[in-house]
Amino acid sequence: MPQTRYQHMHANQNRALPPGYQLQGYEIKKLLSAGGFSFVYIARDLENHTTVAIKEYLPNILALRQEGDQVRVPTNEAAAGFRFGLKCFFEEGRALATIEHKNIVRVLNFFRANDTVYMVMQYERGKSLQEYVLARDTTVPEAMLRSLFSQLLNGLREVHAQKLLHLDIKPANIYIRLDGSPVLLDFGSARMALNEAADKLPPSYTPGFAAPEQYGTRKQLGPWSDVYSIGASMYACLLQAAPQAADQRMKKDFLVPAVKLGKGKYSSNLLQIIDSCMALNHMHRPPSVFALQKSLLKAAPPPASRNWLHKIASLFTQDN
């Protein structure tokens, strides 16, 4: 199945920092990814001789860098949004740096340079859940799905406790390590302080995985918004493609319920959980990550059925 059906990305039109570029004790090795709001690089920590990932705040629609390394904001109107986003990005890095959880990407450092902000993260080696799903001929085993997302929700609970939202949870941002444990990456769409005025920033979301309240005024954003994205990510593992976008669902809901789509593949319990997470009305979703986690663990298959770890290990071995 083509990857373009699975992940909607807006490439960054700006110029990335070149390999070999020195950035406050780090050396850029190569560009890892380019989204509409940021660049992510693989870099070398010159002091500790370790590999790290560095995220550079550079939103396409607000800032420009066509040459050199300095970021330029072309208009006064764009400057207000850029500065607010810069503040959020910096505060987000500071908050994430206090979180030490095996299922959340570790922020090691953050600093200002080139008229923007950089976040240095621990580099995780692995495969994204998206890569894993697209490489399979059959649906992801239920035991694996429950285990991965239950662990991931442990980390997400810590994030929400810090008054942060992720707002871009999707299989591409869920990495699976060799031991089968997941780590949640890319908090580029996160917003600081649930009571903050998020309207100052341009919208950032991935169609198919973003909750309905991420469209429009976004005044109803909350932990339940990430719950929707968790449900959509589990649904995508079943469909092996991105589900119908929430804004389209609000106009005409063509989404086949998981209880129908996954009948005979997953237990009715799991399928009902997925459908509840993807309710268009946030009041009908699990009220918290903890409540969702309890539901996932309540009827989990026995450990004996978890032979998917061996399959993950072989998948890594083939490519590395």
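Evaluation of Tyr118 against the conditions (1) more than 16 Å from the chain's Cα centre (by Cα); (2) assigned to a helix (DSSP H, G or I); (3) crowded, with 17+ Cβ neighbours inside 10 Å shows that the sole unmet condition is (2).
Mind listing just one residue for me: the one in the stretch 23-51 that is among the aliphatic types (A, V, I, L, M) and more than 21 Å from the chain's Cα centre (by Cα) and, of those, nearest to Asp69 (Cα to Cα)? Only one residue fits best here, namely Leu23.
All but one of (1) surrounded by fewer than 18 Cβ atoms within 10 Å (Cβ to Cβ); (2) modelled with pLDDT of 65 or more hold for Lys311; which doesn't? Evaluating Lys311 over (1) surrounded by fewer than 18 Cβ atoms within 10 Å (Cβ to Cβ); (2) modelled with pLDDT of 65 or more leaves (2) as the failure. When Glu67, Glu92, Glu56 are screened for being loosely packed, with under 13 Cβ neighbours inside 10 Å and outside the structural domain of Ser181 (by TED's automatic domain parsing), only Glu67 passes.
Taking (1) without any contact (Cβ under 8 Å) to a residue 40 or more places away in the chain; (2) assigned to a loop (DSSP other than H, G, I, E, B) in turn, Leu148 satisfies each apart from (2). Of all residues in the stretch 272-282, exactly one satisfies the criterion of being part of a helix (DSSP H, G or I) and free of Cβ contacts under 8 Å to residues at least 24 places away in the same chain, namely Gln272. Inside the stretch 60-108, residues that are touching a residue at least 24 places away in the same chain (Cβ under 8 Å), part of a strand (DSSP E or B) and under 23 Å from Ser150 (Cα atoms) make up a count of 1. Each residue in the stretch 94-109 was checked for being at pLDDT 90 or above, in contact with a strand residue (DSSP E or B) (Cβ under 8 Å, 6 or more places away or on another chain) and not β-branched (Val, Ile, Thr), and 5 pass.
Summed over the stretch 270-289, residues that are modelled with pLDDT of 95 or more and either farther than 25 Å from Pro223 by Cβ or surrounded by fewer than 18 Cβ atoms within 10 Å (Cβ to Cβ) (or both) total 7.
Among the residues of the stretch 44-59 satisfying the criterion of being farther than 18 Å from Asn14 by Cβ and not in a loop (DSSP other than H, G, I, E, B), which is modelled with the lowest pLDDT?
So the residue we want is Ala53.
With respect to the conditions (1) of a type outside the set (Lys, Arg); (2) under 18 Å from the mean Cα position of the chain (by Cα); (3) more than 19 Å from Ser229 (Cβ to Cβ), Leu108 falls short on a single one, namely (2). Pairs linking a residue in the stretch 41-55 that is in contact (Cβ under 8 Å) with a residue 12 or more places away in the chain and on the phi > 0 side of the Ramachandran plot to a residue that is part of a loop (DSSP other than H, G, I, E, B) and of a type in the set (S, T, N, Q), with Cβ atoms under 8 Å and 6 or more positions apart or on different chains, do not occur.
The values are calculated or read from the model by the stated rules, or taken from the named source; none is laboratory data. Because the structure is predicted, anything quoted here is derived from the model rather than measured. With ideal geometry, Cβ positions are generated from the backbone for all residues, glycine too; neighbour counts draw on all protein chains shown.
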